[in-house]
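Before any comments, here is the structure.
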Amino acid sequence: MFLTWVDLVLTGVGLFCVVKLVFRRSTPPPPPGPRRLPLLENLFDIPSEREWIKFSEWGETYGDISSVSVFGQQLTILNGVQAAMDILDKKSSICSDRPIVPMGGELVGWKNTLVFVPYGARFRNYRRLAHSLFGSRSTMASFEPLEELETHRFLKRLLSDPDGLQNHIRKTAGALILRISHGYEVKEGADPFVTLADVATGQFALATSPGAFLVNLIPPLQHLPSWFPGAGFKNTAKAWAETLHQMVEQPFQFVKEQMAAGTAENSLVYNLLDGKDVSSEEEFDVKWLAASLYSGGADTTVAAIYAFFKAMTLYPDVQAKAQREIDSVIGNDRLPGFSDKDKLPYTTALALEVFRWHSVTPTGVPHRVTEDHILEEGWFLPKGSLIITNIWKMAHDPRVYSNPMVFEPERFIEKDGKAAELDPRDLAFGFGRRICPGRVLADASVFISCAMSLATFNISKHPESGEIDREQGTGTISHPTAFRCLIQPRSDKALDLIQGDIAH
Ligand code: HEM
């Protein structure tokens with residue numbers, strides 16, 4: 001007897017169901033987490049802001065490795081440093097991809113920048129080039145004079161307009177990165193490259209946020225034509241892609257012109273192009289890597305240095321102790337520099353405490369798993385699922401840090417046989433092969449900003465400010481919530497130092 005096509009279809013469907021059932025039975029469970037509803041799964045469990053607080057609660061309930069699922073995508077949340085190291089460092093060959101973000105990555109084009117570039121040959125090339133230029137203290141050393149110079153300029157801006165603190169920090173962070181990436185010296189007042197980069201990175205934040213564009217939650221929408229009702233986001237993407245293009249091209253062309261004129265300064269682009277016969281593909285990599293530094297490094301550094309000023313406003317005793325150290329080691333005839341770092345243990349610890357106390361990237365940047373994997377605990381990480389690091393929790397974990405909510409630099413100084421607590425740089429910059437490539441630069445920027453500002457200014461609570469809020473602002477890059485402070489030169493000598501010549 002022959003089977004009809006109806007029989008064939010029914011048999012096929014039956015087989016599919018059996019296979020699915022068997023497969024489901026044989027798939028190990030995901031890491032524990034809040035109950036998944038049918039269809040909607042954990043849609044309503046995911047907080048829309050300050051996610052790290054809810055993630056920490058899940059950590060308390062379910063342990064350091066927990067998971068939720070939304071629209072079929074599993075999110076594994078790591079609340080402990082050891083869990084993050086065990087998974088992201090030790091299994092880095094399968095945990096180092098990035099999520100595909102339809103609006104920001106695909107349509108606008110940020111997937112060509114390092115933070116979103118897929119794990120593969122281009123990624124490895126970017127990382128190798130970045131590492132060769134500022135991946136270690138010794139390679140960073142050639143940029144230290146620039147750091148000192150730009151930070152001295154920051155002191156001058158602060159003196160003339162103390163209320164513009166946030167703007168001055170932003171200008172300085174941007175100036176430093178453009179100097180290192182392209183050898184470009186920013187202008188006082190509005191600078192065209194800084195303005196362009198700030199506009200582009202503002203658009204980046206929106207284009208990559210899951211909630212701002214529906215297409216980020218429903219990727220097939222990206223294939224709609226722009227005239228289709230509701231597809232206005234395609235026109236927005238086109239305009240933003242043009243901003244990104246300008247941000248990548250303009251500073252790069254600047255270096256090429258400077259090189260042709262023989263006036264180019266030492267910079268990442270110059271170093272990677274000078275005297276080399278580069279292919280168009282290699283040129284593409286250098287150009288996009290250089291642009292990646294601004295988006296990865298400017299806003300993050302701003303958040304950290306702003307947090308330093310907030311901490312000094314809240315903890316005057318810590319400030320006074322660091323100033324005593326600086327006065328006794330340096331005196332007050334010159335500004336502190338990198339060569340003094342080893343002689344300033346308390347100030348160095350204070351800069352470390354900035355990274356711990358305020359988590360600039362509280363939930364890191366998601367890693368994407370590229371192969372099905374079963375953890376030692378027996379839990380399943382499916383291919384395509386995301387891993388999220390709750391860096392805020394790790395930095396405020398009472399199992400690791402005593403009095404975690406308090407700003408206490410002493411914790412990093414070994415004393416009376418009590419070992420120093422975990423170096424927060426081991427967690428603040430992420431994990432595995434995606435660890436922040438700018439961490440040495442960030443560390444240098446925060447240290448020199450702390451040391452030079454403490455040497456010259458007193459930072460105190462503004463008489464008109466009420467209670468200062470200690471919360472962190474929401475967002476992938478979290479800034480301290482706004483506060484007011486007074487910033488005044490410590491003495492006439494300090495005033496002379498600020499107003500003095502800038503060493504070139
Ligand atoms: C306070 C300062 C900073 C903090 C807290 C910070 C933190 C981070 C974190 C947590 C990640 C994700 C790591 C992971 O996926 O596990 C990251 C990635 C990245 N950071 Fe930073 N960062 C800072 C400064 C900088 C600076 C100064 C630069 C560049 C000059 C930079 C460039 C980047 C880039 C390009 C990536 C993407 C790397 C990749 O995907 O391979 N960051 N950063």
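Read the figures in this text as sums done on the coordinates, not as results from a lab. What you see is a predicted model; the values in this text were computed from it and never measured. Heads up, the Cβs are rebuilt from the backbone with ideal geometry, glycines too, and the neighbour counts pull from every protein chain shown.
Each stretch of four or more DSSP H residues adds -39500 (n - 2.57); spread over every residue of the chain, this sum gives -15500 deg cm²/dmol at 222 nm. Averaged over residues, the count of other Cβ atoms within 10 Å places the peptides 466-473, 323-330 in the sequence 323-330, 466-473, highest first. With no solvent and one point on each alpha carbon, what is the Debye value of log10 I(q)/I(0) for the chain at q = 0.06, 0.11 Å⁻¹? The Debye formula, applied to the Cα set alone, gives -0.32, -1.01. FRET efficiency for the Leu37 to Asp426 pair, using the beta carbon distance and R₀ = 51 Å, is estimated at 0.85.
Counting charges near Arg124 (Lys, Arg +1; Asp, Glu -1) among other residues having Cβ under 15 Å from its Cβ returns a value of +2. Loop-resident GluC sites (Glu not before Pro) (DSSP state other than H, G, I, E or B) in the stretch 183-248 with no more than 11 further Cβ atoms inside 10 Å of their Cβ: Glu188. Treating each Cα of the stretch 281-356 as one equal point scatterer and applying the Debye formula with no solvent, the log10 of I(q)/I(0) at q = 0.14, 0.21, 0.24 Å⁻¹ comes out as -0.62, -0.96, -1.11. Classify the stretch 255-294 as rounded, prolate or oblate, taking a ≥ b ≥ c as the square roots of the eigenvalues of its Cα gyration tensor: rounded when a/c is under 1.5, otherwise prolate if a/b is larger than b/c and oblate if not. Because a/c hits 1.5 or more and a/b fails to exceed b/c, the stretch 255-294 counts as oblate. In terms of its C-alpha gyration tensor, the stretch 45-102 has an oblate overall shape, because the principal axis ratio a/c (a ≥ b ≥ c, square roots of the eigenvalues) is not below 1.5 and a/b does not outweigh b/c. Would you please classify the overall shape of the stretch 89-235 from the alpha carbon gyration tensor, given that a ≥ b ≥ c denote the square roots of the eigenvalues, rounded means a/c under 1.5, and beyond that prolate means a/b larger than b/c while oblate covers the rest? Judged from the Cα gyration tensor, the stretch 89-235 comes out oblate (a/c at least 1.5, b/c at or above a/b).
Taking amide H as placed 1.01 Å from N in the peptide plane, Cys485 has its amide H under 5 Å from the amide H of His462, each at least 5 places away in sequence or on another chain. Each residue in Met247, Met140 was given a count of other beta-carbon atoms within 10 angstrom of its own, and listing them fewest first yields Met140, Met247.
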